[in-house]
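Novice: The structure is given below, and queries will be raised subsequently.
The values are calculated or read from the model by the stated rules, or taken from the named source; none is laboratory data. Predicted, not measured: the structure shown is a model, and the values here were computed from it. All Cβ positions, even for glycine, are placed from backbone atoms using ideal geometry, and neighbour counts span all protein chains on display.
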Amino acid sequence: MRTDIARWIADRPLLIVAATSLFLTTLPGCGGSGGSGSSTQGNSQISQSRVGLTSVLTHMNDNRRDGLNLSETTLTPANVQPATFGKVAAFAVQGYVYAQPLYVPNVRMTGNRISNLLIVATQHDQLYAFDVDTKALAWHIDYLAAGTGVSTLSSEDVADCDDIVPEIGITSTPVVDQLTSTVFVLVRTKEVVDGTPVFYQRLHAVDLGTGQELLTPTSVTGPPPDYASTGTAVFDTRMDNQRAALVLANNQVYIAWASHCDITPYMGWLMSFDKRTLQPTAYWTPVPYSHSGGIWLSGAGPSVDENGDLYVPVANGSDHDQIGPKNNYRSSLVRLHWSSADGFNVVDYFAPYNYQFMDDGDMDFGSGAALLLPPQAGSPHPHLLVTRDKVGGVYVLDRDDLGKWQANDNSQAVQNFLVPGFGLSSMLYWNSTLYVAGGGQMLFAYTFDPVTQQFNTVPKTSFPYKLEFRGPTPSLSANGNTNALLWIVTDYSKGKHAVLHALDANDISKELYSSATMPDRDTAGIGVKFVVPTVADGLVFVGAQNEVDMYGLLRQ
């Protein structure tokens, strides 16, 4: 483990870079090996070329799930144009990239080298770190090399569900602890033990600078039999699908589960693991005496407020008993407080009045992240969140009083309105504007009135591009409130190449750039669903099948 002095240095990379950037010269590349896998070493000569400014350490940038990078000083509406902006690199990987690529600047590597790293996890159970400035591989872990008979899962392994293809390995977005220079990742494998396939889900902690395992990986097995608050629920390592992004807060790594194709039995779960030991600390399920209640969020993670409370949208369930009694919280937005003494405790919840009708029609509530809006001091509702359901319903809720359930309508919500199209993505809020993708329709922008605390339900502008069924989750880059760009990735299905779009965030009807405009130069890899573009330090990263594409300003 690191000494206190070494940790102090690791926690202050910008200070170190500032002191050394004038004389850093070309240094040999380094590799590392994972404790449960093998690692390969980049063979390029690597030097620090620039100081990174912006980190993307978790899905949608931060625990508010706002998707905002407001420190972007390079990319502007003036230079994100086909003549000056385009694809500058493609990082080849093994496996489809369902997880959002993460970006960690100024990482101290072996030999006192500083690198700006791209972290990529794939469905082929591979974890990569690339130096984005030199395009070199910094380190690589192959979790399938842990022993003989180790493989990813197939559709046949999960009752012929083909929702995730062609294999199931690392599906969720990892999370990075920049303070300790650690990547946390959940890896799924099938391993033949005495001739019998056994299914594992393991939490790993990996050193950012070397790719070495820092702790003994923890095999997730669910709560012990005497864990009273989870009732009769059972964790299934084969059928419980770990889709939602990992979350870091309260010195815990939070991990959530859903299902494969809604094939029962399965249970929605949320579990916490101590980031310092990887040992489990608490368990919660929204359906302790039935089944279902998946935590999907279209690949996003639960949100966390300034007090450390979690906001967890939960999808449909099987138990039509009233929500609340018997700790039944499927089809709800649940606020949970975690403590080392008591684990998870429900603080409050919201459920739509017609949850039974929604359950029966598979109209999942909780189909996107709970977006925590900026505080609005002096307002009747200073702490708002926005979430959605699968059929286009948008719910604006008061975090201080979510409203629980009432029988006849949703008037306990601050606002509830319908967006054209399906709601299988997360939303974004910036500059009093809510950006919402209507799956099968278009991307819409709705204006917020801070006095009435209501959104105008007629969009102020839209992007006239036919979206696919799930719709995109956007990202936004700006320099404070200037030079704002909205980024989305479309065209993921049926073997099509993904398309990266850049829109004027003040008027999304104005498309500034599309990777389809210059196909010979800028075409991205074959698309995968739920891709979120990662924007940082003048670069945009797009996950695809067997590659991650990097876009930036072109050399003139």
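Novice: State whether the residues of segment 400-411 include one that is closer than 24 Å to P459 by Cβ, aromatic (F, W, Y) and either surrounded by fewer than 18 Cβ atoms within 10 Å (Cβ to Cβ) or out of contact with any His (no Cβ under 9 Å at 6 or more places or on another chain) (or both).
Specialist: For segment 400-411, residues closer than 24 Å to P459 by Cβ, aromatic (F, W, Y) and either surrounded by fewer than 18 Cβ atoms within 10 Å (Cβ to Cβ) or out of contact with any His (no Cβ under 9 Å at 6 or more places or on another chain) (or both): absent.
Novice: Look at A369 and say whether it is part of a loop (DSSP other than H, G, I, E, B) and modelled with pLDDT under 95.
Specialist: For A369, the condition - part of a loop (DSSP other than H, G, I, E, B) and modelled with pLDDT under 95 - is not met.
Novice: Output the residues belonging to segment 403-430 that are in a loop (DSSP other than H, G, I, E, B) and more than 24 Å from the chain's Cα centre (by Cα).
Specialist: Across segment 403-430, the qualifying residues are G403, W405, Q406, A407, N408, D409, N410, S411, Q412, A413, V414, P420.
Novice: Name the single residue, out of those in segment 210-231 being of a type in the set (V, I, T) and in a loop (DSSP other than H, G, I, E, B), that is nearest to the chain's Cα centre (by Cα).
Specialist: Taking the candidates together, the pick is V220.
Novice: Right, here's the next one. Does V396 satisfy the condition of being part of a strand (DSSP E or B), touching a residue at least 24 places away in the same chain (Cβ under 8 Å), within 18 Å of S475 (Cβ to Cβ) and aliphatic (A, V, I, L, M)?
Specialist: No: the conditions fail for V396.
Novice: Out of the residues in segment 143-170 that are among the small types (G, A, S) and outside any loop (DSSP other than H, G, I, E, B), state the one that is surrounded by the most Cβ atoms within 10 Å (Cβ to Cβ).
Specialist: A146
Novice: Still on this structure, I have one more. Looking at F199, F184, can you tell me which residue is at pLDDT 95 or above and over 21 Å from the mean Cα position of the chain (by Cα)?
Specialist: Going through F199, F184 in turn, the sole match is F199.
Novice: Looking at segment 49-136, what strands (runs of 3 or more DSSP E) fall wholly within it and have at least 2 residues that are of a type in the set (S, T, N, Q)?
Specialist: The qualifying strands (runs of 3 or more DSSP E) are 113-121.
Novice: On the basis of being in contact (Cβ under 8 Å) with a residue 40 or more places away in the chain and surrounded by fewer than 20 Cβ atoms within 10 Å (Cβ to Cβ), does V93 make the cut?
Specialist: So V93 fails the test.
Novice: Let me ask something else. Please work out if A369 is on the phi < 0 side of the Ramachandran plot and out of contact with any His (no Cβ under 9 Å at 6 or more places or on another chain).
Specialist: Considered against the rule, which asks whether it is on the phi < 0 side of the Ramachandran plot and out of contact with any His (no Cβ under 9 Å at 6 or more places or on another chain), A369 comes out as no.
Novice: Among the residues of segment 180-192, is any more than 14 Å from T237 (Cβ to Cβ), in a loop (DSSP other than H, G, I, E, B) and polar (S, T, N, Q)?
Specialist: yes
Novice: Could you please tell me which pairs satisfy a Cβ distance under 9 Å, a separation of 6+ or placement on different chains, a first residue in segment 102-119 that is farther than 12 Å from V183 by Cα and in contact (Cβ under 8 Å) with a residue 24 or more places away in the chain, and a second residue that is acidic (D, E) and surrounded by fewer than 23 Cβ atoms within 10 Å (Cβ to Cβ)?
Specialist: Listed by first residue and then by second, the contacts come to S115/D133; N116/D133.
Novice: I want to confirm something. Restricting to segment 349-389 and keeping residues that are under 19 Å from K404 (Cβ atoms) and of a type in the set (A, V, I, L, M), which single residue is surrounded by the most Cβ atoms within 10 Å (Cβ to Cβ)?
Specialist: Per the stated criteria, the residue is A370.
Novice: Given the criteria of a type in the set (S, T, Y), buried (at least 24 other Cβ atoms within 10 Å of the Cβ) and within 26 Å of I170 (Cα to Cα), does S515 qualify?
Specialist: Against the criterion (of a type in the set (S, T, Y), buried (at least 24 other Cβ atoms within 10 Å of the Cβ) and within 26 Å of I170 (Cα to Cα)), S515 does not qualify.
Novice: Here is a further query. If V304 passes every condition in (1) at pLDDT below 95; (2) closer than 28 Å to Q415 by Cβ; (3) not aromatic (F, W, Y) but one, which one does it miss?
Specialist: Result: V304 passes all but (1).
Novice: OK, next. Quick one: which residue in D207, D177 is within 21 Å of P280 (Cα to Cα), surrounded by fewer than 23 Cβ atoms within 10 Å (Cβ to Cβ) and under 18 Å from the mean Cα position of the chain (by Cα)?
Specialist: D177
Novice: Just to be sure I understand, how many residues within segment 305-337 are among the hydrophobic types (A, V, I, L, M, F, W, C) and either closer than 11 Å to A369 by Cα or touching a His at 6+ places or on another chain (Cβ under 7 Å) (or both)?
Specialist: 3
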